[in-house]
Every structure is written in structure tokens, then in C-alpha cells.
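Report on the following structure.
The values are calculated or read from the model by the stated rules, or taken from the named source; none is laboratory data. Being a predicted model, the structure only gives us computed values, none of them experimental. Note that each Cβ is placed from the backbone with ideal geometry, even for glycine, and that neighbours are counted across all protein chains shown. We work out accessible area using only protein heavy atoms, side chains counted, and drop any ligands, DNA or RNA first. Shrake-Rupley method; radii C 1.70, N 1.55, O 1.52, S 1.80 Å.
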Amino acid sequence: MNEQEIREKIKELLIDSLGIEAEVLTDDVPLFGDGIGLDSIDSLEMIAAIDKEFGVSMTGVGKPFYNVASLAKYVAEHK
């Protein structure tokens, strides 16, 4: 699975698990703050979904994930 395919799968996970509308979820839109507006509970759900889908542990990772592109890059590097 290449990084673009990972991005698309992460978008599907976020749409399904967090109810984010597909139209606003681009590769570069900020997930937190003034972007999508996710909170800490949402981030836990997102991490759990990514752990389950890709088998990549993100628990305790200190690296910030600003958008889908940064998440996909991390998953691609740690698969």
C-alpha cells in the first residue's frame, strides 16, 4: 500500500469513526484547532482506528499529526 492509498484509507476511517464530512477532509486540512476541530477524545479514537487498520502503534508517539498527509507519512514509515 503506497502513501496515497494510506491517505485515502485514513480519510475513510476518519469519516466512518468520527463522522467528519468527506467534502472538508482534504490531505492538508488541519485536524485540530481551526481546521476540522478534533479534540483529545477524537484523537484517541483516531489512533485506535489507525492502530487496528494498519497495525501501526501510535500510542505514546510524541510527534504531532496536523493533517491526513502527516498521518499517512507516519504510517507508511512504520508499517
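Numerical summary
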{"item": "Selection count, the range 54-79, where residues are part of a loop (DSSP other than H, G, I, E, B) and either open to solvent by 80 Å² or more (accessible area, probe 1.4 Å) or free of Cβ contacts under 8 Å to residues at least 40 places away in the same chain (or both)", "result": "13"}
{"item": "The range 49-75 - residue that is over 15 Å from I20 (Cβ atoms) and aliphatic (A, V, I, L, M) and, of those, modelled with the lowest pLDDT", "result": "V61"}
{"item": "Hits in the range 13-23 (condition: outside any loop (DSSP other than H, G, I, E, B) and either open to solvent by less than 40 Å² (accessible area, probe 1.4 Å) or within 17 Å of D39 (Cα to Cα) (or both))", "result": "L13, L14, I15, D16, S17, L18"}
{"item": "Matching residues, the range 24-53, being within 14 Å of R7 (Cα to Cα), in a helix (DSSP H, G or I) and open to solvent by 30 Å² or more (accessible area, probe 1.4 Å)", "result": "E53"}
